[in-house]
1. How large is the accessible surface of Asp30 in square angstrom, using a 1.4 angstrom probe and rounding to the nearest 10?
2. Compute the long axis of helix 128-147 from its Cα atoms, compare it with the longest principal axis of the Cα atoms of the chain, and write down the angle in degrees, 0 to 90, nearest 10.
3. Which one of Met45, Met126, Met66 has the biggest mean-square fluctuation once the chain is modelled by GNM with Cα springs under 10 Å?
4. Given springs between every Cα pair under 10 Å in a Gaussian network model of the chain, which of Val48, Val81, Val103 has the largest fluctuation?
5. Sort His159, His26 by accessible area with a 1.4 Å probe, largest first.
6. What does the helix-only formula give at 222 nm for the chain: each DSSP H stretch with n ≥ 4 adding -39500 (n - 2.57), the total divided by the residues, and the result rounded to the nearest 500 deg cm²/dmol?
7. Thr47's amide H: which non-local residues (gap 5+, or another chain) put their own amide H closer than 5 Å, with H modeled 1.01 Å from N in plane and none for Pro or chain starts?
8. Per residue, how much accessible surface does the range 18-169 expose to a 1.4 Å probe? Answer in Å², no decimals.
Amino acid sequence: IDIGPVTLRNRSIRSAAFEGLCPGGHPSQDLVDYHRALAAGGVGMTTVAYVSVTDCGRTFSHQAWMNDAAMSAFRALTDAVHREGAAASVQLGHAGYMADPHVIRQKPLAPSSVFNLYGLVKPRAMSLTDIDRLVEAFGLATRRARTAGFDAVEIQAGHGYLVGQFLAS
């Protein structure tokens, strides 16, 4: 099947589901092995789940973010998946007010400063400059994903994270 310029060997796509295999925000060998095994098992494409576009968009300390330091590990993952005959995609996002202040060491950002009952935190309302920076961060993360060998990018716009917060505000 063809999805845009990407040809998959079949219609089986492993959707994004948080793996929790990125200690300190960096992809681990366990994450590489996990996605390689999915590819070896026959999926047409496997998706690395919820990778933040910035350090301040993470919800867990063991959640990856797409930065220069992570590039070699992401390249190892995509190379392993490709060797097994599958495509690799990555889900990019930002948690907004769902980000954990203990992980990001600051107040979470959000479209407004409405108290978040889930995280029990009052976020900092984003300025226009903050919005511009995050738009740039999404673009940079997408370029990094391409450089790391990913065949597709999915933008996380659900589950109450930042893009969805703008849509629901």
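The values are calculated or read from the model by the stated rules, or taken from the named source; none is laboratory data. As the structure is a computational prediction, the values presented were derived from the model and not from experiment. Because the Cβ atoms are built from the backbone with ideal geometry, glycine has one as well, and the counts that use them run over all protein chains shown. We work out accessible area using only protein heavy atoms, side chains counted, and drop any ligands, DNA or RNA first. Shrake-Rupley method; radii C 1.70, N 1.55, O 1.52, S 1.80 Å.
1. 100 Å²
2. Approximately 10 degrees, to the nearest ten.
3. Taking springs between Cα atoms under 10 Å, the residue moving most is Met126.
4. Checking each option, the largest mean-square fluctuation is seen for Val103.
5. The ranking, largest first, comes out as His159, His26.
6. Mean residue ellipticity, 222 nm, calculated: -10000 deg cm²/dmol.
7. Under 5 Å from the amide H of Thr47: Arg14, Ser89.
8. 47 Å²
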